[in-house]
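To start, the structure itself, in C-alpha cells.
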Amino acid sequence: MRDEAGWFSGGQTNAAYNALDRHAHSPRRNQLALIAHAGDGQVHRLTYRELLDRVAVYLPSGLEAALTLLACARIGAIHAAIPAGLGGLALRERLLDTQARLLVAADRLYQSGRALPLAALVEAATEGLDLPVLWHSRGGERRPLELWELLERQRPDTPAEPVAAEHPLFILYTSGSTGKPKGVVHTHGGFMAGTTYHLRALYDLKDGETFWTTADLSWIVGHAYGLYAPLLEGLTTVLREDKLDYPDPGAFYETLEQHAVNVLLTSPTWLRSFRRHGPEWPARADLSSLRLVGSVGEYLAPEVWHWATEHLAWTVDNWWQTETGAPCLATPLCQPAKPGKVGFPLPGVRALILDAEGRVLPPGHKGRLALQPGFPSFMHTLWNNPAGYARAVQDGLYLTGDIAVADDEGYVALLGRGDDVIKAGEQRIGTAEIEGAMVSHPAVVEAAAIGLPDPERGEIIKVYVVPRTPDMDGEVQAVMAQKLVTHLRRRLGPLEVPVEVVFTPQLPRTKSGKIVRRVLRARETGADPGDLSTLEN
Ligand code: AMP
C-alpha cells in the first residue's frame with residue numbers, strides 16, 4: 001500500500017521560477033501579472049518584472065499573501081496558508097499540526113470597509129509556542145519583526161532554489177464543512193502540470209488574457225487559479241481582499257469591467273447572491289470582455305446556472321477538492337451542458353460510482369464517488385498523517401466523500417457529501433437534490449436541507465430556506481412553507497417522510513462559502529457542532 005502519490009519523480013523544478021523568472025526574462029516582462037485590490041482601497045498593479053523584484057521578500061495578506069507564497073516556493077519552503085480571520089483555536093491547531101517555523105501574519109483584515117483587528121488573536125494563538133511572527137502591520141503600529149523593514153533590506157535578485165519535483169509546495173487544510181481538517185500536501189511538479197493544463201483546456205484561457213478567481217488565496221481554488229496557474233502561464237490575475245458586494249453589488253461588476261476580465265472563476269454562493277441582487281446590476285455593466293464563467297465549490301442549481309449564463313457569460317460547472325488540486329469533473333466547452341449535472345471526468349481522471357461494498361454501480365444508481373489517482377494534481381500525501389492517506393486511497397481508489405449519480409450519457413450529478421445524505425425511510429436523498437428543487441421556486445434565494453433522526457422513519461427532512469422577501473409575517477410564512485413543500489414533492493416525486501420548511505435570513509457557511517449543514521443539525525439535535533471558529537457567520 002502506498003502512502004503518497006508522485007509525479008515527475010526524480011526531476012528538479014521550482015514553481016516560483018516557472019511563475020516569475022521565466023516570464024520576467026521574456027517578451028512578457030512588462031505585461032501585468034497581478035492586480036490586487038486591498039481592502040483599504042489601494043489597488044496594486046505589478047508586471048512580471050516587478051513581481052520578480054519583490055519576491056525575495058515575505059509579505060502577507062492580499063498582495064502580500066501572493067508574494068509570501070511565491071517567496072516561500074522560491075526558496076523551497078513549504079507554505080501553509082490559513083485564512084486570515086479564522087478563529088484562534090483553529091489557527092493554533094494548524095500551527096501545531098504543521099510545526100511551522102515562522103508565522104507571517106497581518107494585524108488587521110479589511111472587510112466590508114471595516115478593519116477587523118487580528119493581532120490579539122494571533123498573539124493568543126501563538127502563546128507558548130516557539131514561533132517567531134513576522135508582522136504585516138497595517139494600522140501604523142511597529143513590531144519587532146516587520147515585513148516592510150525586511151523588504152527594504154532584501155536583495156532583489158535571489159535565485160530560485162531548484163527543488164525535487166516531488167518536494168512539497170504547500171500544505172492546505174480542507175475547508176472544514178465536515179469534520180476535523182486534514183493537511184493536504186501538493187508538490188511543485190504535479191501541481192504545476194495539473195493546474196495549468198485545466199487553465200487552458202477547461203477554463204480556455206488564451207495568451208494576453210485576464211483571469212479573475214474570486215476565491216480567497218488561502219483556499220485551494222485561490223492557490224491554483226488566483227495565483228499559480230495564471231502566473232505559470234504568463235497571464236494577468238486579479239485579487240480582491242474585500243467582499244465582492246461591498247459597498248454594493250456594483251463592486252463586483254465594476255471589477256469585471258475595469259480590468260476587462262475575460263474568464264471568471266467563482267462559486268455558487270456568489271452566483272446565488274448576485275442572482276438575488278437582480279439583473280439590473282449586470283445590465284448596467286459593460287461585460288463584453290467576459291466570455292466564460294467557471295463555478296466551483298458547491299452544487300450549482302439549474303436556476304442559478306441559467307441566471308449566470310444569461311446575465312454574465314456561458315457557465316461551466318466544475319467539481320474538485322483540496323485533495324485533487326484542480327478540476328476533475330466538468331462539462332468542457334465542446335459538450336452541451338445539462339444544468340444540475342456537473343459533467344464528465346476530465347482527461348486523465350477516472351471516476352467510478354460505488355455501492356457501500358465497493359462494487360461499481362451502473363448509470364442511474366446513486367453511490368459514493370471514487371477517483372483513480374494518477375492525474376498530476378492529485379495530492380501527494382496528508383501532512384503528518386501518512387496512515388490517513390493510506391486510508392483515503394485504498395486498492396488504488398480514492399473515496400471523495402461525495403455522493404453522485406451518472407446518467408446514460410455519462411453526465412455525473414453531485415448529490416452532496418456522504419455525511420449529509422438524508423435517509424428518509426427506504427429512500428436516500430442527497431441534500432443537493434432537495435436544495436436544487438427548492439431554489440427552482442421563485443420565492444427562494446437559497447436553501448439547506450438536513451435529516452433529523454426519527455424513531456420510526458429513519459430521518460425526516462427539514463429545509464432551511466432564505467426567502468426572497470425577508471419580512472413575511474407569521475401567517476404568510478405558514479402559507480409559503482406549505483407551498484414550498486408542495487413544490488418540493490412535485491419536483492422530487494413522492495417522499496416517504498414529512499418535510500418541514502423554516503425560514504432564515506442566512507445559512508451558516510465556511511470561509512470559502514460552503515453551507516455547513518452539520519451546524520444546522522447540531523442546533524436541532526443538541527449534538528456537538530464541532531469547531532465553529534472556521535465558519536464565516
Ligand atoms: P474543498 O476541498 O474545500 O474545495 O471542498 C470540496 C467539496 O466541495 C467537494 O467534495 C464537494 O462536496 C464540493 N464541491 C466542489 N465543487 C463542486 C461542484 N461543482 N458541485 C458540487 N459540489 C462541489
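The values are calculated or read from the model by the stated rules, or taken from the named source; none is laboratory data. Since this is a predicted model, take the numbers as computed values, not measurements. No Cβ is skipped: glycine too gets one built from the backbone with ideal geometry, and neighbour counts run over all protein chains shown. Protein only, heavy atoms only, side chains kept; ligands, DNA and RNA dropped before computing areas. Shrake-Rupley method; radii C 1.70, N 1.55, O 1.52, S 1.80 Å.
Some notes on this structure:
- Taking the criterion of being within 19 Å of G451 (Cβ to Cβ), touching a residue at least 40 places away in the same chain (Cβ under 8 Å) and not acidic (D, E), the residues of region 479-497 that qualify are L484, L488, R491, L492, L495, V497.
- Number of residues in region 312-328 that are closer than 24 Å to A285 by Cβ, more than 6 Å from the ligand (Cβ to nearest atom) and among the acidic types (D, E): the value is 0.
- Screening region 287-311 for residues that are within 22 Å of L205 (Cβ to Cβ) and out of contact with any Leu (no Cβ under 9 Å at 6 or more places or on another chain) and picking the one that is farthest from the ligand (Cβ to nearest atom) gives S288.
- Single condition P282 does not satisfy, out of (1) outside any strand (DSSP E or B); (2) in contact with a helix residue (DSSP H, G or I) (Cβ under 6 Å, 6 or more places away or on another chain); (3) away from the ligand (no atom under 16 Å from the Cβ); (4) within 28 Å of T47 (Cα to Cα): (4)
- Residue in region 463-485 that is nearest to L415 (Cα to Cα), counting only those that are under 34 Å from the mean Cα position of the chain (by Cα) and either β-branched (V, I, T) or surrounded by 20 or more Cβ atoms within 10 Å (Cβ to Cβ) (or both): V463
- Test: residue in region 304-325 that is farther than 24 Å from H223 by Cβ, touching a residue at least 60 places away in the same chain (Cβ under 8 Å), surrounded by fewer than 24 Cβ atoms within 10 Å (Cβ to Cβ) and not hydroxyl-bearing (S, T, Y): no
- Tally of residues being over 14 Å from V185 (Cβ atoms) and surrounded by fewer than 21 Cβ atoms within 10 Å (Cβ to Cβ) across region 363-386: 7
- Residue check for S273: of a type in the set (S, T, N, Q), more than 16 Å from the ligand (Cβ to nearest atom), more than 18 Å from A413 (Cβ to Cβ) and free of Cβ contacts under 8 Å to residues at least 24 places away in the same chain: no
- Take the conditions (1) farther than 19 Å from L265 by Cα; (2) touching a strand residue (DSSP E or B) at 6+ places or on another chain (Cβ under 7 Å); (3) of a type in the set (V, I, T); (4) in contact (Cβ under 8 Å) with a residue 24 or more places away in the chain; V342 misses just one of them, which is (1).
- Any hit, region 453-472, residues being within 16 Å of the ligand (Cβ to nearest atom) and assigned to a strand (DSSP E or B): no
- Qualifying residue in region 514-532 (condition: within 27 Å of R468 (Cβ to Cβ), surrounded by 15 or more Cβ atoms within 10 Å (Cβ to Cβ) and without any contact (Cβ under 8 Å) to a residue 24 or more places away in the chain): yes
- Every residue from region 446-462 that is in contact with a Lys or Arg (Cβ under 8 Å, 6 or more places away or on another chain) and crowded, with 21+ Cβ neighbours inside 10 Å: E446, A448, A449, I450, G451
- Options E146, E93, E123: the member that is of a type in the set (D, E, K, R) and modelled with pLDDT of 90 or more: E123
- Enumerated strands (runs of 3 or more DSSP E) restricted to region 397-439, each holding at least 1 residues that are touching a helix residue (DSSP H, G or I) at 6+ places or on another chain (Cβ under 9 Å) and within 15 Å of the ligand (Cβ to nearest atom): 397-406, 412-417
- Out of A404, A437, sole residue that is open to solvent by less than 10 Å² (accessible area, probe 1.4 Å), at pLDDT 95 or above, of a type in the set (A, V, I, L, M, F, W, C) and closer than 27 Å to L495 by Cα: A404
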